[in-house]
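A quick write-up on the structure given underneath.
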Amino acid sequence: MTMMRNIFLLLLPVCAWAVDIGLPTANHALYSPSGEPQFFQGTAGHDWRSGQYGCVRSGGQQFHEGMDIRCLERDRRGEPTDRVFAVGDGEVAYAAKNAGQSNYGRYLLVRHNWDGVEVFSLYSHLGGFVPGLRAGQHVKRGDWIAVLGYSGTQKIPRERAHLHFEICFQLNRNFAAWFAPKLAKGDRNDHANYNGINLQGINPASIFLAARENPAFNFRAHIEAQPVAFTVLFPARRPPLSWMRAQQWGVVNGPEPKPVTAYEVWFMAVGVPTFVRPRTDVSAAQPQVLSVNQPVVDACPARRIVERDAKRRAWQFTKRGAELMEMLSFQ
Ligand SMILES: [Zn+2]
């Protein structure tokens, strides 16, 4: 498996430059030894750890998809005034200006291309946007884009104002069409393809730390180095699924000696595809679990995508997992 993976990495487009990223506010305590308590904003009654990414809430059963960055500055009335900056060069993909339509409150998505991978930075609970900010606008790393706040449908007290920040993937570019028939009567999908259900975050702090440590940090290599939690066989499709195209996957094997009959997709425990291997020797009528790395799956109880069947033998998708596979397969 490792050998096969290395061969594939050689076939991928190689970018000579490193990803240029910086933290989204002036709070840089993440980089200081033991600076975490000054950097992460914990939840009510819990310490800084509950502001980190991952299975950090409700004894590991509740997932936090980003990191909560503490507010540093307030005006005389106590309102937060920290400026929020773009973490890297990119394009404003979406600005949700109505605070009452999501638990993200006012939020902003910037689309980046890091080492050939389409990825988004997400800034939420914002107090406001820089005047004139609009979707489609290009931004540079460090550009002032918004102000930290405490907006959202789940009321955040002003004292706990923070920036909820994510680095995330858009799971399907055609999400709104998949989701429309699933909406309960009277419900709306105000944010279309930028609905939080269609955005899966990965650990942002580890990316900033790795990029700071390694001047040649490569985002694609970082993603591909994440532990594989499980692998899934997907039916081969033409054209390849939208998330494969967004990440330039599914097209890496050039002229094919044999037609591709299925894609073997490797996943992180949270459900982010990290690697695609075209297969010519097997086929699949629908997504099926191929293999599971149980310790990696067990380390993330709040995001369970695969489970043992009733006889505790074969692996199958959980309800969440089956839905995710359906969403990823939708064209
Ligand atoms: Zn948060």
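Ala93 meets all of the listed conditions (1) within 15 Å of the ligand (Cβ to nearest atom); (2) touching a Lys or Arg at 6+ places or on another chain (Cβ under 9 Å); (3) in a strand (DSSP E or B) but one, namely (1). A search for C-beta distances below 7 Å between a residue of segment 192-208 that is farther than 13 Å from Val87 by Cβ and any residue that is among the polar types (S, T, N, Q), counting only pairs 6+ apart in sequence or on different chains, returns Asn193/Gln170; Asn195/Asn189; Gly196/Ser102; Asn198/Gln170; Asn198/Asn172; Leu199/Gln170. In the condition set (1) modelled with pLDDT of 95 or more; (2) among the polar types (S, T, N, Q); (3) away from the ligand (no atom under 13 Å from the Cβ); (4) closer than 17 Å to Tyr194 by Cβ, Asn98 is compliant with all but (1). Being in contact with a strand residue (DSSP E or B) (Cβ under 9 Å, 6 or more places away or on another chain), surrounded by 18 or more Cβ atoms within 10 Å (Cβ to Cβ) and in a loop (DSSP other than H, G, I, E, B) is a property that does not hold for Gly321. Within segment 30-87, if we keep just the residues that are aliphatic (A, V, I, L, M) and within 18 Å of Tyr123 (Cα to Cα), the residue that is surrounded by the fewest Cβ atoms within 10 Å (Cβ to Cβ) turns out to be Leu72. Of note, Arg77 satisfies the criterion of being free of Cβ contacts under 8 Å to residues at least 12 places away in the same chain, more than 15 Å from the chain's Cα centre (by Cα) and away from the ligand (no atom under 15 Å from the Cβ). Can we say Ala216 is farther than 23 Å from His64 by Cβ, assigned to a loop (DSSP other than H, G, I, E, B), aliphatic (A, V, I, L, M) and modelled with pLDDT of 90 or more? Taking the combined requirement at face value, the residue satisfies it.
Tallying residues that are at pLDDT 90 or above and in a strand (DSSP E or B) within segment 45-56 yields 1. In the set Arg212, Arg304, Arg279, only one residue is surrounded by fewer than 16 Cβ atoms within 10 Å (Cβ to Cβ) and basic (Lys, Arg); that residue is Arg212. Residues of segment 94-117 include none that is acidic (Asp, Glu), in the same structural domain as Phe40 (by TED's automatic domain parsing) and out of contact with any Cys (no Cβ under 8 Å at 6 or more places or on another chain). With the structure loaded, tell me whether Arg173 is part of a loop (DSSP other than H, G, I, E, B) and surrounded by 15 or more Cβ atoms within 10 Å (Cβ to Cβ) or whether it fails that test. Yes, satisfied. Within segment 157-175, residues that are closer than 28 Å to Glu326 by Cα sit with their Cβ atoms under 8 Å from residues that are of a type in the set (Asp, Glu) and more than 16 Å from the ligand (Cβ to nearest atom), at 6+ positions apart or across chains, in these pairs: Phe169/Glu118; Gln170/Glu118. Residue count for segment 153-176 under the criterion of being small (Gly, Ala, Ser) and at pLDDT 95 or above: the result is 1. Looking for something surrounded by fewer than 17 Cβ atoms within 10 Å (Cβ to Cβ) and part of a helix (DSSP H, G or I) - is there at least one such residue anywhere in segment 222-233? Looking for residues that are surrounded by fewer than 17 Cβ atoms within 10 Å (Cβ to Cβ) and part of a helix (DSSP H, G or I), one finds none in segment 222-233, hence no. Filtered by the rule that a residue be surrounded by 19 or more Cβ atoms within 10 Å (Cβ to Cβ) and either among the aromatic types (Phe, Trp, Tyr) or at pLDDT 75 or above (or both), segment 248-263 gives Trp249, Ala262, Tyr263. In segment 105-163, which residues are assigned to a loop (DSSP other than H, G, I, E, B), within 16 Å of the ligand (Cβ to nearest atom) and touching a helix residue (DSSP H, G or I) at 6+ places or on another chain (Cβ under 8 Å)? Scanning segment 105-163 gives Gly105, Tyr150, Ser151, Gly152, Thr153.
Residues considered: Ala180, Ala184. Of these, the only one that is outside any loop (DSSP other than H, G, I, E, B) and not acidic (Asp, Glu) is Ala180. Tyr104 passes every criterion in (1) more than 20 Å from the chain's Cα centre (by Cα); (2) at pLDDT below 95 apart from (1). Checked against the criterion of being touching a helix residue (DSSP H, G or I) at 6+ places or on another chain (Cβ under 8 Å), outside the structural domain of Ile305 (by TED's automatic domain parsing) and not in a strand (DSSP E or B), the candidates Gly59, Gly42 yield just one match: Gly42.
The values are calculated or read from the model by the stated rules, or taken from the named source; none is laboratory data. Note that the structure is a prediction, hence the values are computed from the model and not measured. A quick note on method: Cβ atoms are made from the backbone with ideal geometry, for glycine too, and the neighbour counts reach across all protein chains shown.
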